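Where a number appears in this text, it was derived from the coordinates with a stated rule and is not lab data. As the structure is a computational prediction, the values presented were derived from the model and not from experiment. Here the Cβ positions follow ideal geometry from the backbone for every residue, glycine too, while neighbour counts run over all protein chains shown.
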Amino acid sequence: MSSEASCHRPGVEPLSEDVIVSPEGALKNVYVHVVSGLGDRVFAPPSSPALMDQAGCAFVPHLLDVQAGQVIEFGNSDPIVHNVRAIGEKNRVFNVSMPGKGKTVRRYFAVPEIVKIRCDIHAWMSAFIAVEGHPFHAVTADDGAFSLRGLSAGTYTVEAWQERLGTQDQTVTVADGQTAKLDIVFHAGKSE
């Protein structure tokens, strides 16, 4: 980051966001989503846009979860030029310039997948957008917590994805009117 004067902050060491672990061992930025058990139900995307900013020469948030068809507003809060390059296998890729503070652009992804986001101008800037076909997905918070609200009674397979540690699948049964707890464990050095 020291090569870009607007990004360099004396005395502040930039840190990677690829694995963030709390003092208690909880993981932040794990994408958790239902992969089976919903049947053939169809869900409309949210009408409000999801937001991903370029602030402090980083994408914020590092991992954004959206529903297929949901508008994503990309912003640039920095006083320098950035760009947003979307790299996916199933969705249309794009590369758009963000010429300075206040610039915004809107895009969406039509098909579920995890899309890599990069800034070609600043090689350290990367993020992910997890696209899902239903609303039952979340990104873990600083304390590793997440919630998949609104699931009806049933048995579901839930997958957790972490960019360095791979995926973990678990089955959970939700009883009518009840809350189910799910603990997902990743092991350092293990990637699938």
ask   = Taking H as built 1.01 Å from N, whose amide H comes closer than 5 Å to the amide H of residue 126, not counting residues under 5 places away?
value = 59
task = Determine the sum of side-chain charges near residue 88: Lys and Arg each +1, Asp and Glu each -1, restricted to other residues whose C-beta is under 12 angstrom from that of residue 88.
result = +4
note = Given backbone amide H placed at 1.01 Å from N, residues whose amide H is under 5 Å from that of residue 94, ignoring those fewer than 5 places away on the same chain, are 86
note = Quick calc: nm separation of the 7 Å Cα→Cβ label points for residue 94 and residue 147 -> 3.2 nm
remark   = Isolated cysteines for the chain, Cβ-Cβ cutoff 4.7 Å, are 119
message = Let's see if you can work this out: charge +1 on each Lys and Arg Cβ, -1 on each Asp and Glu Cβ, no other charges. What is the dipole magnitude of the chain about its Cα centre, in debye to the nearest 20?
response = 580 debye
Kirkwood-type radius of the stretch 118-192, with distances r between different C-alpha atoms, in Å = 14.7 Å
ask   = Quick one: which of 147-157, 120-130, 31-41, 178-188 comes out on top by average Cβ neighbours within 10 Å, and what's the full order, highest first?
value = 120-130, 31-41, 147-157, 178-188
Simple label model, 7 Å out from Cα along Cβ direction - residue 60 to residue 73, nm = 1.5 nm
query = In bins 10 Å wide, starting from 0, what share of all Cα pairs of the stretch 16-96 does each bin hold, as a percent?
reply = 13, 36, 35, 14, 1
note = Restricting to lysines and to Cα separations under 23 Å from residue 181, and discarding same-chain partners fewer than 8 apart, the set is 28
ask   = Under a Cβ-Cβ cut-off of 13 Å, what is the net charge of the residues other than residue 29 that fall near it, where Lys and Arg count +1 and Asp and Glu count -1?
value = -4
task = Count charges around residue 139 for me, please; just the other residues with Cβ under 9 Å from its Cβ, Lys/Arg as +1, Asp/Glu as -1.
result = 0
